Each structure stands twice: as structure tokens, then as C-alpha cells.
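Undergrad: Here it is, the structure, as C-alpha cells.
Every number in this text was worked out from the coordinates using simple rules, so none of it is lab data. Predicted, not measured: the structure shown is a model, and the values here were computed from it. Because the Cβ atoms are built from the backbone with ideal geometry, glycine has one as well, and the counts that use them run over all protein chains shown.
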Amino acid sequence: MTKWKYTKGLHDLGNGCWGYLVPDGSWGWSNAGLIADGEATLLVDTLFDLKCTGDMLAEMRNAVPASEKIGILVNTHADGDHTFGNQLVKGARIIGTEGTVSDFNRFDPKVLLAVQNDPKKFGRSGEFMAECFRPFDFSGIELTPPTETFKDRMTIKVGNKTVELIEVGPSHSLGDALIYVPEDKVLYTGDILFSAGTPIAWYGPIARWINVCNMVLDMDVEIIVAGHGPLSTKEDVRKMRDYLLDITEKARPFYEQGVDYLDAAYKIDLGEYRDWNDAERVVVTLRTLYDDFDNAPVRPTRVPIPFFEQMKDMRESLGKPPVHHEYCSHDHHDH
Ligand SMILES: [Zn+2]
């Protein structure tokens with residue numbers, strides 16, 4: 001979207017809708033949003049640590065004085081890069097899906113702190129996590145999950161503005177939700193949309209995520225605030241959906257031939273997607289796809305893959321073509 005620059009900070013989308021962007025959208029660098037009408041405010045997600053979130057809230061207060069006291073905080077999902085700053089939004093109603101609440105302990109800031117202090121103790125996954133999350137400070141974070149949950153859909157009023165909360169998980173995570181402002185044609189997707197970066201399917205099923213993308217393509221939406229990446233349009237949703245379709249199609253023959261998902265990750269030609277940021281995430285998405293092909297029941301009924309294993313898989317894949325990731329390319333000698 002040429003009209004908008006991908007710069008850090010608050011972007012005015014008009015009519016009291018705002019996007020807060022944090023480039024470059026890679027590991028932990030997530031976006032948030034603000035919807036305001038009169039004295040009423042709704043914050044979409046917080047950021048990965050207290051410093052980032054505090055800076056964001058200060059910038060919001062400058063631009064929108066009413067956000068001094070946020071009325072409602074909605075978490076699009078449970079991942080720490082969208083929730084670790086929740087405790088700073090004092091006195092707000094905190095809303096999320098039931099899946100978001102039950103997924104909340106998956107990211108434990110105390111564990112992430114321990115990993116940063118002594119990555120080697122946590123093996124390959126520790127090294128990878130320490131590298132990806134190095135810019136963040138996980139001290140002082142108290143997990144602050146939503147206290148109000150919804151299923152399917154919930155309509156709320158922010159001043160006179162109607163805001164729709166739409167449950168679409170499990171897909172990227174267990175409890176994904178979209179936040180939609182129909183009168184302004186603005187959509188906040190959380191990590192249902194990774195724009196200009198590789199998506200990651202912690203949960204799946206991937207087919208459901210693809211359906212959610214198709215649903216968004218049918219919605220009356222002009223501006224999309226993605227979970228990661230620049231301000232977006234439906235064109236970006238289409239691109240990411242096509243990635244998921246492409247990986248699904250490429251993975252199936254390997255699955256049918258009994259090729260292990262890690263080996264499949266090395267063998268799959270990512271084609272036009274190989275230069276997307278964080279290409280190694282395909283490993284996690286493939287493992288989820290393999291579960292999908294097994295027809296394993298949708299998580300959480302099927303056993304969730306431990307986060308550390310997922311990080312380890314990605315670490316193992318680094319530097320082995322064609323799963324390539326510049327950011328960690330100095331690690332190639334490990335292999
Ligand atoms: Zn995220």
C-alpha cells in the first residue's frame with residue numbers, strides 16, 4: 001500500500017482508527033491498534049515487553065488523550081508478542097476467545113528470561129530463541145490474560161462505533177480472533193495475516209486458516225493492520241493465502257512418500273517465497289500440515305507440539321538450503 005509508510009509508531013487510518021506498527025515484523029516485532037470515539041477507547045493487543053508497550057501507550061496518549069485510560073483491551077491471540085504488555089493497561093476490560101485464555105501459558109516470560117540468561121542450557125531451541133528474542137526484555141512481566149471471553153462473534157460499542165470481534169481459531173494459534181470496524185472498513189487481524197513475512201502455523205489446521213483468508217477476502221475491508229508487517233490490503237491476504245496453499249500442495253507428495261517433515265522442509269522448493277523473512281518457519285507449518293494430513297483432530301484435542309520442539313526444529317533447519325534465513329546465516333558452520 002503505497003499511501004502508508006512502514007515506519008515505527010502510530011499511523012492514523014482516519015475516523016478514530018489507528019495502527020501501531022513495529023518494523024521489521026520479524027520475530028517478536030508485532031503490531032497493535034487503537035480504536036477511539038469520544039472518550040471511549042479500544043486497544044488491539046499489547047507488545048512483547050514492558051518497554052515496547054510503555055512507549056506505544058505514551059505515543060497513543062499524545063495522539064489520542066482519551067487513551068490515557070483504555071476502556072477495552074482485546075487480544076487477537078495469546079502469543080507473548082501480542083499480550084506481554086497487558087499488565088500496563090490498568091483498569092481495562094480484557095477480552096479474548098476461550099482459546100486465547102487456555103493458550104496463555106504457552107509463552108512464559110520467566111522461561112524466556114531463563115533462556116536469555118543461559119541459552120545453552122536449553123539446547124538448540126535455546127540458542128535459536130535467544131537469537132530471535134535478543135532485543136526484548138522479559139523482566140517484570142506478569143501474565144495478564146483476558147478476563148472476559150467470547151465464542152464465535154461479539155459486537156461491542158466503542159463510543160458510537162460498532163466493533164465486531166470474530167473468532168477464527170484455531171488456525172495460526174488456538175484462539176485467533178479478528179477485530180473489525182465495518183463502518184470504517186478497517187480490520188485488525190492479529191497473526192492471521194503476516195504481511196511481507198513468512199506465516200507460521202503453531203496450531204492449524206492449515207485448511208481452516210486458508211478458509212479464514214478467503215472469508216477476509218469476501219469482507220468489506222479496505223485497510224488491514226496485520227499482526228506483523230506494514231499496513232496491508234486484501235492483496236496481502238491473497239498472497240499469504242497462496243503461500244499456505246502452495247506449501248500444502250508441495251508437502252502432500254512428501255507426506256505420501258513417508259518423507260519426514262524436517263527432510264521435506266529441506267527438499268521443498270519455496271520458489272518465490274524463499275526470500276520472505278523467517279523462511280525457516282515453514283518447518284513448523286509443515287509439521288502442522290503433517291498432523292492435518294493424518295486427520296488428527298483439531299488441537300487442543302490433539303496433543304499440541306511443545307513450543308521448544310518447534311523452535312528446535314527451526315534451529316535445525318537453518319542454513320540447510322532451501323530453507324534459508326539470512327538473519328542467522330552466520331550459524332551455517334554448525335552444519
Ligand atoms: Zn505475533
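Undergrad: Suppose only helical runs count, i.e. DSSP H with n ≥ 4. What mean residue ellipticity at 222 nm does that imply for the chain under -39500 (n - 2.57) per run, divided by all residues and rounded to the nearest 500 deg cm²/dmol?
TA: Computed mean residue ellipticity for the chain: -9500 deg cm²/dmol.
Undergrad: Stokes-Einstein at 10 °C, 1.306 mPa s, Kirkwood radius from Cα pairs: D for the chain in µm² s⁻¹?
TA: The diffusion coefficient I find is 79 µm²/s.
Undergrad: Hey, what do the phi angles of region 54-69 turn into as Karplus ³J(HN,Hα) couplings, whole Hz, using 6.51/-1.76/1.60 and θ = phi - 60°, x for Gly and Pro?
TA: x, 4, 5, 5, 5, 5, 5, 4, 4, 7, 9, x, 4, 7, 3, 10
Undergrad: Could I ask something else about it? Could you tell me the relative contact order of region 152-251? Use alpha-carbon pairs under 8 Å, at least six residues apart, and round to a whole percent.
TA: Computed over region 152-251, the figure is 24 percent.
Undergrad: At a Förster radius of 45 Å, what calculated FRET efficiency corresponds to the Cβ-Cβ distance of residue 211 and residue 108, to the nearest 0.05?
TA: Between residue 211 and residue 108 the formula returns 0.90.
Undergrad: Only residues of region 3-31 count here: report those whose backbone N is under 11 Å from the spot 7 Å along Cα→Cβ of residue 62, or say none.
TA: 9-10
Undergrad: In cubic angstrom, how much convex hull volume per residue do the alpha carbon atoms of region 103-198 span?
TA: 152 Å³
Undergrad: Another question about this same structure. Once you keep just the Cα pairs under 8 angstrom separated by 6 or more residues, what percentage relative contact order results for region 9-334?
TA: Relative CO of region 9-334 lands at 16 percent.
Undergrad: So how far apart, in nm, are the two label points at residue 155 and residue 272 if each is 7 Å from Cα heading toward Cβ?
TA: Going by the 7 Å Cα→Cβ label model, 3.9 nm.
Undergrad: Which links in 51/185; 51/151; 8/110; 161/185 stretch past 20 Å when you go from one Cα to the other?
TA: 51/185; 51/151; 8/110
Undergrad: Which is the longest part of the chain that has none of the trypsin sites (Lys or Arg not before Pro) sitting in a DSSP loop with at most 10 other Cβ atoms within 10 Å?
TA: 152-335
Undergrad: Once fully extended, how much extra length lies between residue 120 and residue 295, figured as 0.36 nm per residue of separation less the alpha-carbon to alpha-carbon distance?
TA: Here the segment from residue 120 to residue 295 would lengthen by 59.4 nm.
Undergrad: Continuing with the same structure: Between 272, 142, 167, which gets the highest mean-square fluctuation from a Gaussian network model of the chain, Cα cutoff 10 Å?
TA: 272
Undergrad: Once you order the gyration tensor axes a ≥ b ≥ c over the Cα atoms, which shape class does region 1-110 get: rounded for a/c under 1.5, otherwise prolate or oblate by comparing a/b with b/c?
TA: Since a/c reaches 1.5 but b/c is at least a/b, the shape of region 1-110 is classed as oblate.
Undergrad: So, one more: Region 136-179 to region 1-75: how many Å between their Cα centroids?
TA: 15 Å
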